[in-house]
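Only one structure is covered here, and it is reproduced in the block below.
The values are calculated or read from the model by the stated rules, or taken from the named source; none is laboratory data. All figures in this text were calculated on a predicted structure; none of them were measured in a lab. With ideal geometry, Cβ positions are generated from the backbone for all residues, glycine too; neighbour counts draw on all protein chains shown.
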Amino acid sequence: MKITLRQRQKNNKISLYLEYYEKGRREYEYLNLYLIPDPEKGSLTKFQKDENKQILELAETIRSKRHLETQNNIYGFKDKDKVKGSFKQFFSDLAEMKRESLGNYGNWNAVRIYIDKYSPKDVSFERVNKDWVQGFRDYLDRTARTKHGKPLALNSKYSYFNKLIAALNQAVKEQIIPSNPAYMVEPFPQDETQREFLTLDELTTLANTPCTHETLRKMFLFSCITGLRWGDVEKLIWQEIQHSKENGYYIRFKQEKTTGAETLPISEEARSLCGEEGQPNDLVFTGLKYGNWNQTHLKSWLRAAGITKHITYHCSRHTYATLQLTLGTDIYTVSKLLGHKNLSTTEIYAKVVNEKKVEAANKINLNLK
């Protein structure tokens, strides 16, 4: 197959596209890349010339990539029918595959709803180009609203746009599209959010304060002293809690969020929160489901303990990480205990601890003159 980079004058710009030719048959792929016309030779500014040069280089890079793909039978006429398929249906199918993880599914489902609002009619893969992706990014940034009618927070935009990127990466992997158009669009930056946590004194006070729901109490405290997420605690079964003379108690499980296999040592105190051992495939904690109802009980329990911080269930994980670092555990070990793939994720907690150290140091004031 021969692939040629072509140009076509359209109004006040020059459109770049690829022509595919094989055995007398031609097809075209428009790149959504445009050159600035130069009607009078030499009339363009240096900036405009440089911009045209960069665009041509990008177009040539795409052409070269397509050429390699056709040589490897990745891209060709036989695959072109795939791009006429429904991207919205593809995204919806991916979202449904996340149902086992409530938090993750909630994010994917939110993006599915925003895609429907941004593009009410069905949209094929061939329409999901740089302009469509840029438009969706602009929609999240300027138009999209939460259920309460508020603009999206920066981290929500970051998370939602990344779901779109992930879906398009999957489409590339399945050879539906040759490349991900989202990589030509500037992503949202990630905002550094305040990670609320409990101090050791607050956690001790809470542990000794009666709670209206005993299962919630045990699960929350268990997460605080193991670092496990709600989803991992909720699905924990007895055969995953193991014991050896050398290592004491530990959990062998797969993380819900990362699906990575983990071996997590736990204390005897954490094991005691689990209660009497049941059958191997029985759930360790029962009688509690994810929802606002739990948060209401958690708030009441915190209030009874005299804690006024805005604490959600996930703050139990923040509490574990912060306490481990505060008590002297090195950051590499904490990262492994949390199951983080990258140390940079754990460094967020180290920053919080350092701020607390500075705050503590400044409390000693002798009022010297």
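Odds and ends about this structure:
- Any hit, region 172-181, residues being in a helix (DSSP H, G or I), at pLDDT 90 or above and buried (at least 16 other Cβ atoms within 10 Å of the Cβ): yes
- Within region 50-69, tally of residues that are surrounded by 13 or more Cβ atoms within 10 Å (Cβ to Cβ) and not polar (S, T, N, Q): 11
- Listed by first and then second residue, the pairs linking a residue in region 286-309 that is in a helix (DSSP H, G or I) to a residue that is modelled with pLDDT under 90 and of a type in the set (A, V, I, L, M), with Cβ atoms under 9 Å apart and 6 or more places separating them unless they lie on different chains, are N294/L288.
- Residue match in region 259-282 (condition: buried (at least 19 other Cβ atoms within 10 Å of the Cβ), touching a strand residue (DSSP E or B) at 6+ places or on another chain (Cβ under 8 Å), among the acidic types (D, E) and modelled with pLDDT under 90): no
- Between Y313, Y349, Y332, Y320, the distinction of being touching a residue at least 40 places away in the same chain (Cβ under 8 Å) and closer than 17 Å to E262 by Cβ belongs to Y320 only.
- Taking the listed residues L325, L302, L337, L343, the one that is assigned by TED's automatic domain parsing to the domain that holds K218 and touching a Gly at 6+ places or on another chain (Cβ under 8 Å) is L337, with no other qualifying.
- Candidates L216, L203, L164, L168, filtered to the one that is in a helix (DSSP H, G or I) and touching a His at 6+ places or on another chain (Cβ under 9 Å): L216
- Residue check for S223: in contact with a helix residue (DSSP H, G or I) (Cβ under 7 Å, 6 or more places away or on another chain) and at pLDDT below 90: no
- Flag if L216 is more than 23 Å from the chain's Cα centre (by Cα) and at pLDDT 95 or above: no
- Among the residues of region 32-68, those identified as of a type in the set (K, R) and either more than 36 Å from the chain's Cα centre (by Cα) or modelled with pLDDT under 85 (or both) are K41, K46, K49, K65, R66.
- Region 140-180 - residue that is among the polar types (S, T, N, Q) and in contact (Cβ under 8 Å) with a residue 60 or more places away in the chain and, of those, nearest to K65 (Cα to Cα): S179
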